[in-house]
Structures are given as C-alpha cells and as structure tokens.
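Working notes, structure below.
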Amino acid sequence: MRPVRPEFVPDPALTRAEMESLQLDVAAAATWEDAFDFDPTALSLRADHTLDAATDSDDRPLVAGVDQAFLDDRAVSVVVVRRGETVVERAHAVTDLEIPYIPGLLAFREGGPILAAFAELACEPDLVVFDGSGRIHYRQAGLATHLGVLLDLPSVGVAKGLLCGTPDDDVDGRPEGWRTPIRADADVENAAPGEQIGHAFQSRQYESRPIVTPLYVSPGHRVGVGTATDLVERLCDGYKLPEPTRLADAYADEVKAEYA
C-alpha cells in the first residue's frame, strides 16, 4: 500500500512548528464520522469468544493491527491482517529512527517506519487498529489519525495512557465493559470545550488485584467516536488489548528476535 495523501507524509526533518502545523492540516482533512463499507457486527464475538455463525464467512472485513518493537535506533514495524480468526497477511519493515520520542509528535518518529511496513502489504484492510492515539491528541492528529488520513483507511487509535483530554468519571478499578467519554480540554486545539474526542474503555478486569487500567480509544479517520469504541470492544477476545494489536505486538517481537 502507498500513501493516498503524500502531502501528509511525516518528515522528521521539519521544525517542531512545521510538524505541529502539518498535524493541524491532517486533523482538518480527517473524517470523524462512520465512512466505511463493512458491517460492524461482522466483528462480533459471543460471550464464550467464539465467532457468530451468521458472520463467519468470506465477507468478514479485513482488520489490520499495527505495532512496533525497537532495536536501539531502529524500528521494527509490523502490520498483521486478519479476516475473522484467519491471518491472511503479515508484513514488516526494519528502518532507522531519525528523531527521539517527543510527546504529541509520535507520527514523525514512527510514521515513516510504519509506512514502510504498509508498502510491503499486498491487501487493503477495511479497518486498521493502531497502538497509539487518534483524536485524543493535542492537535487531534495522533498516529492513528495521521496515518489513517495518509492511507485513507478507516482507523482507530488504542492507547494505554491518556495524552490529553478529561474523562467524565474516575477511571480507577472499573468493571469490564465500562466506558466513559474523554472530552476536549484546554490542551486540545481546534475543539469545542467539552467536545467528546474518545473514551476510556475498560476492556478487561479482574475481580481482585491486580487492577487492570483502561484503554483510551479514539477515532483515527472515517470512524465516529462511539463506533471506534464499539469496534474495539468487539475485537477484544478476553484480553486487555484488541486482538489485531495483540497479534501485531507478538509478530513485532518475533521479527525483532530474528534481527537481534
């Protein structure tokens, strides 16, 4: 796969001001409403985590998980694509990292390496799940939004920590399946105060310790706020992380071991 919007390819040589300006342009180009062709219920899992017979067919959407591992100053970027429970393709790339991690500018460090992995991919996913933020971002253009717009693919960001925004309710120790809105605060540019930009979602929980912390889910591109969390809930198969990124994480470790 190649970028559909090459003008948004993240260039780590830009100044910080130029990077932030480009992110504002990306956010302006993003669509945060449902604009996809697949049936969301085709991702459903029953309570016992087996596939619903009605949706177990070749018509199920292709869902990609994206993750990375790191080897000193190199990134191991992977994309794992599944249809139902079947992995149909895996792609990876090992590339140099050109800048250090800077909060809010992750796409300029890791976006190029991830695009290199997508360049090795033969199929076109119907949905991409990123290990990173979407709209829950200072300029509403986290990794999932930036690359979702670049590739013009429906995308969702799933982060393990909250970069910005304010949850409606305290998130500690919540039961499995619980969610609460994340709303824009003064740290989020070009959003109305209190506008909903994502959810804190409790995908997994134990009845006693250790307490599992929630995920922070937000739309990347061509997915609405509520739908983004609904999709992630359908993709969690008894684990904290949705299955696409869980598989991508495992594949990234596998590739890293080969290069190490």
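Read the figures in this text as sums done on the coordinates, not as results from a lab. Please read these numbers as outputs of a predicted model, since none were measured by experiment. Using ideal geometry, Cβ is built from the backbone for each residue, glycine included, and neighbour counts are taken over all protein chains shown.
Run through the DSSP bridge list for region 52-176 and note the antiparallel percent, rounded to the nearest 5.
The answer is about 75 percent antiparallel.
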Exercise. Given charges of +1 on the Cβ of Lys and Arg and -1 on the Cβ of Asp and Glu, with all other atoms neutral, how large is the dipole of the chain about its Cα centre, in debye to the nearest 20?
Worked result: 280 debye
Problem set entry | In sequence order, calculated HN-Hα J values of region 2-10 (Karplus, 6.51, -1.76, 1.60; Hz; x Gly/Pro) | 10, x, 8, 10, x, 5, 9, 4, x
For this session: Classify region 64-129 as rounded, prolate or oblate, taking a ≥ b ≥ c as the square roots of the eigenvalues of its Cα gyration tensor: rounded when a/c is under 1.5, otherwise prolate if a/b is larger than b/c and oblate if not.
Result: prolate
Seminar exercise, completed: As a percent rounded to 5, the proportion of antiparallel DSSP bridges among beta bridges in the chain is 85 percent
Exercise. Taking amide hydrogens as modeled 1.01 Å from N in the peptide plane, which residues meet the under 5 Å criterion relative to residue 128, leaving out close sequence neighbours?
Worked result: 64, 155, 156
For this session: Positive end of the charge dipole of the chain (Lys, Arg +1 and Asp, Glu -1 on Cβ, about the Cα centre): tell me which of 210, 75, 105 has its Cα farthest that way.
Result: 210
Exercise. How about region 54-136: which trypsin sites (Lys or Arg not before Pro) there lie in a loop by DSSP and see at most 14 other Cβ atoms within 10 Å?
Worked result: none
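For the chain, what is the calculated [θ] at 222 nm in deg cm²/dmol (nearest 500), taking -39500 (n - 2.57) for each run of four or more DSSP H residues and dividing by its residue count?
Taking each H run of at least 4 residues, the total per residue is -8000 deg cm²/dmol.
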Problem set entry | Other-chain or far-sequence residues with amide H under 5 Å of residue 237's (modelled H) | 243
For this session: Give me the distance in nm between label points sitting 7 Å out from Cα along the Cα-to-Cβ direction at residue 18 and residue 152, one decimal.
Result: 2.6 nm
